[in-house]
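In what follows, a structure is listed as structure tokens, so that the remarks can point back to it.
FYI, it's all coordinate maths here, none of it is from the lab. Note that this is a predicted model, so its numbers are computed, not measured. Counting neighbours? That spans all protein chains shown, and the Cβs are built from the backbone with ideal geometry, glycine included.
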Amino acid sequence: MAAPYELYRRSSIGYALTDMLDELIGDNRIDPQLAIKVLANFDKAITENLQERVKSRLTFKGSLDTYRFCDEVWTFLITKVQFKMEGGGAPVMVDRVKIVSCNAKPAAP
């Protein structure tokens, strides 16, 4: 299993968790160290569950606007994107998409 990244903290559920932890810390109901442990467990759990449970496939087409590679992380900014789910359904069009891709294998020592 690859080391989990903190990418999913910027998802809707990640923001909700972070907001709740901040509130609990502000009310002196938990220590900041516990919040850090909760976030680390969230990173691990979301990464494992997405890897093991999501079996759907999605294809997309669009115009590559910008790409970057820094610290083993690729970032792609794509415009005029069309998404299609495997197995049918109507395609979904969006103006812009940002894709952040990290190496699934740990870096060599």
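The magnitude of the dipole of the stretch 1-107, with charges of +1 and -1 set on the Cβ of Lys/Arg and Asp/Glu and taken from the Cα centre, is near 600 debye.
Charged neighbours of I78, selected by a Cβ distance under 15 Å, balance to +4 (K, R count +1; D, E count -1). Summed over qualifying helices (DSSP H, 4 residues or more, each -39500 (n - 2.57)) and divided by its residue number, the chain shows a 222 nm mean residue ellipticity of -11500 deg cm²/dmol. State whether the stretch 7-53 is rounded, prolate or oblate according to the following rule on the C-alpha gyration tensor (a ≥ b ≥ c being the square roots of its eigenvalues): a/c under 1.5 gives rounded; otherwise a/b larger than b/c gives prolate, and the remaining case gives oblate. Prolate, since a/c reaches 1.5 and a/b exceeds b/c. Using C-alpha pairs under 8 Å with a sequence gap of at least 6, the mean separation divided by the residue count of the chain gives a relative contact order of 22 percent. Size descriptor for the chain, Kirkwood hydrodynamic radius: 16.6 Å (Cα pairs only, one decimal). Close Lys pairs in the chain, defined as Cα atoms under 29 Å apart and 8 or more places apart or on different chains, number 18. The value for the stretch 58-102 of Rg(Cα) / (2.2 N^0.38 Å) is 1.28.
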